[in-house]
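Heads up, the thing below is written out as structure tokens.
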């Protein structure tokens, strides 16, 4: 994580045993000297304790976050400007302020450093760009008949979680398998409570219908136990158990039950046959491999839980060319496991420079022993080689795609007379049905493709807009977007200002966008509107620019499909945001209007009574029996539905 790694003995940036005399401003005049003055002045009050330091620029933005076993000794190394690479000299040049936080141990400093790097994204740190949350399978623990479902976010007892899975598709596949093999329910508690007959899932042998007492609580509990064993890697034992039950049913001439067991065994066998790479044991292990080429790198991670492969994911960290492989792995470990608990064993392709320290820190965060291994031979080394090969292939594909993407962006720059290939392209579209639940969407694309973490949706808030006023909606979206950019990045140094703005629409939308930006005092952001051609035929789009004649592109033009894809992605994102907003409005209950009723209490009331209508008809005593509903709140709910009482 500390990319200069001055805590390692013998490193060229290590401080000497004795703290040297720091360089004074007159010895190094100009900006570098000013940065040195800030650092040398801070040395007077720095403790010789573990902690984290932050170098900030004149605007207060973090340039670098580092950890240290000895803060005073570590920060002193930055005064030796002549020994630093140019990258670190630039960092010192930009330093305007130094902030320090002390910790009890170096491991705590490492944890804090990882957390701050993820939050602040300092320019001079190794950064893990993609930080999406992982999906888990959750077995609920609050119902006599637990359900299984996909879960993202914080994990809470008494529910049990299995994962992480590398993708939502892997979770959905596993859930489908669990339904086929163990016949577990997936319906909500409210649906479960109000069923009077089995649903379609029971008819197609995906659920054992506990909602209508087709299975006892004890038998269903046994199915849950088997499913949990399966998720923990005991699939062979479960298959043997199912085989015994099938044979017993056949011996009793219960061929229907025997056929059910046969189908469950087939489903389980099908899953096992697709496990193309597995651990030799049933341990929970993550396998991490790094490959570098062309100044870029890919870190590939495979998840094994209970010996089963739960999928893999590739990451492309941001770093400098002189960062070593072990430092990249160390930065990845610290930032990746900041939000995801580390498994007991982690196999890595390159040794982190502070291996013992990172091991201790991950163990503290996971609240159990964690072991980091660098296999040199055997089956675990073959796993590392396999994962590293995947990293190499993924990086090769990404670099090929980036090259093609850069060519397309260069073509767009030539097409719209831009000074250079755009680094950031923003595309805007609106979505609504008859003017209701109107939403604006913004998608972003750049040299690496779609940047989905930069996507934004805008719920249209202007109550004075006429239903379906697309021009007014576009005006609100652009005003909110660029007014915020002016406030947060007035100097345009953070990379959040677009080099090109595309609008889904024609002359009217272009005129609206131009006027909106002019009202904000912005006249240097290129605008292009894309309107559908005659009969709304794809391939005959017209491109509109301010003060220019609209034009079309020949079907074989390399930029045409690229621009269509950008426009279609913005359309898809806006429609998706609109549907989500509309769905929330549909499921909104009258309970949402009752003061003091939040999400948890609303859920408890619906679970208890089944519907808002039933809640409205309930008496005060019945309401007060619900968890979280006090006698006073029960009376408030009753009074809301019975105002004349």
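The values are calculated or read from the model by the stated rules, or taken from the named source; none is laboratory data. These numbers come from a predicted model, not from an experiment. For neighbour counting, all protein chains shown are included, and Cβ atoms are generated from backbone atoms with ideal geometry for every residue, glycine included.
Of the residues 312, 354, 320, only one is touching a helix residue (DSSP H, G or I) at 6+ places or on another chain (Cβ under 9 Å) and closer than 26 Å to residue 227 by Cα; which?
When all the criteria are applied, what remains is 312.
Can you work out which of the residues in segment 599-627 that are within 35 Å of the chain's Cα centre (by Cα) and exposed (fewer than 13 other Cβ atoms within 10 Å of the Cβ) is modelled with the lowest pLDDT?
599
What strands (runs of 3 or more DSSP E) lie completely within segment 273-363 and have 3 or more residues being at pLDDT 90 or above and under 21 Å from residue 385 (Cα atoms)?
Fully inside segment 273-363 and qualifying: 285-293, 296-305, 345-348.
Name every residue in segment 103-136 that is in a strand (DSSP E or B), out of contact with any helix residue (DSSP H, G or I) (no Cβ under 6 Å at 6 or more places or on another chain) and more than 28 Å from residue 48 (Cα to Cα), in order of residue number. Please lay out each step first, then the result.
Restricting attention to segment 103-136, the residues satisfying the condition of being in a strand (DSSP E or B) are 127, 135-136.
Subsequent filtering for residues that are out of contact with any helix residue (DSSP H, G or I) (no Cβ under 6 Å at 6 or more places or on another chain) retains 127, 136.
136 - this is the single residue of segment 103-136 that is in a strand (DSSP E or B), out of contact with any helix residue (DSSP H, G or I) (no Cβ under 6 Å at 6 or more places or on another chain) and more than 28 Å from residue 48 (Cα to Cα).
Look at residue 490 and say whether it is farther than 22 Å from residue 406 by Cβ and not in a strand (DSSP E or B). Break it down stepwise before answering.
Numbers: farther than 22 Å from residue 406 by Cβ: yes; not in a strand (DSSP E or B): yes.
Yes, satisfied.
If we keep just the residues of segment 84-101 that are in a loop (DSSP other than H, G, I, E, B) and surrounded by fewer than 18 Cβ atoms within 10 Å (Cβ to Cβ), which is modelled with the lowest pLDDT?
85
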